Amino acid sequence: MDGSVLGIDLGKNSCSVVGLDATDKVVVRRRMRRDTVITYAAGLPACGVAMEACCGAHHMGRALARQGYAVRLMSPEYVRPYVKAQRNDDRDAEAIAEPATRSTMRFVELKTKEQLDMQTLHRICDRLVGDRTSLMNQIRSLLLERGYIVPQGRAKLAGRLGEMLDGDEPVLGSRIHRLVGDMRLR
């Protein structure tokens, strides 16, 4: 497979592998489990490997790069125009291999484990901030339904909830008082 490209369509459990020779002719078309792709590639001569930059691509890319392959990851939006006819995993793998041979294609750099860890940290932080914002908006809307207008902002909401929940006189009904107390931001 000298001067050729392996296109790998990564699936959760199984992957489609298509090999193109130097003339862009399909010479290999196989379907295999994700864990056997690396073993299968180890038995092939060095060539280019192309994958969409998706879940698991960086891990597999690093494993294949350690075996001496030139790994190229592409954004799925750049691969989509190369899919021919009805989509299936084999055609997707072929569509992944084809643009990898183009000199004008943009590629995604393989991420190290440390870079993936940092990306994960940022994603989780963003999700937690989104969850907190959603909770604050829900509390504000529950209070608005009862005629209590609370301006936006975490500090303003926390202050207003302190006044409403910690006061001597119950402002809200007992059920809503307990519910909003449980939802209260700490």
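The values are calculated or read from the model by the stated rules, or taken from the named source; none is laboratory data. Please read these numbers as outputs of a predicted model, since none were measured by experiment. As a convention, Cβ positions derive from the backbone with ideal geometry for all residues, glycine included, and neighbour counts pool all protein chains shown. Each accessible area value is taken on the protein alone, full model and side chains, heavy atoms only, with ligands, DNA and RNA left out. Shrake-Rupley method; radii C 1.70, N 1.55, O 1.52, S 1.80 Å.
A compact table of results
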{"quantity": "Residues that are loosely packed, with under 15 Cβ neighbours inside 10 Å and small (Gly, Ala, Ser), drawn from the stretch 32-78", "calculated": "Ala42, Gly43, Ala46, Gly56, Ala65, Gly68, Ala70, Ser75"}
{"quantity": "Every pair of residues 6+ apart whose Cβ atoms lie under 8 Å, when the first sits in the stretch 101-128 and is assigned to a loop (DSSP other than H, G, I, E, B) while the second is open to solvent by 70 Å² or more (accessible area, probe 1.4 Å) and at pLDDT below 95", "calculated": "Met105/Arg72; Met105/Tyr78; Arg106/Tyr78; Phe107/Arg72"}
{"quantity": "Selection count, the stretch 150-178, where residues are under 14 Å from Arg140 (Cβ atoms), in a helix (DSSP H, G or I) and among the hydrophobic types (A, V, I, L, M, F, W, C)", "calculated": "6"}
{"quantity": "Top-ranked residue of the stretch 158-171 - restricted to ones that are among the small types (Gly, Ala, Ser) and under 40 Å from the mean Cα position of the chain (by Cα), ranked as least open to solvent (accessible area, probe 1.4 Å)", "calculated": "Gly162"}
{"quantity": "Residue within the stretch 80-92 that is assigned to a helix (DSSP H, G or I), closer than 16 Å to Leu10 by Cβ, modelled with pLDDT of 90 or more and more than 19 Å from the chain's Cα centre (by Cα) present", "calculated": "no"}
{"quantity": "Given (1) touching a Leu at 6+ places or on another chain (Cβ under 8 Å); (2) open to solvent by less than 10 Å² (accessible area, probe 1.4 Å); (3) within 27 Å of Thr120 (Cβ to Cβ), number of the condition Val18 does not satisfy", "calculated": "(3)"}
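Residue by residue, here is whether (1) acidic (Asp, Glu); (2) closer than 30 Å to Arg34 by Cα; (3) open to solvent by 80 Å² or more (accessible area, probe 1.4 Å) holds:
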residue	(1), (2), (3)
Arg102	no, yes, no
Phe107	no, yes, no
Gly147	no, no, no
Lys156	no, no, yes
His177	no, no, no
Gly181	no, no, no
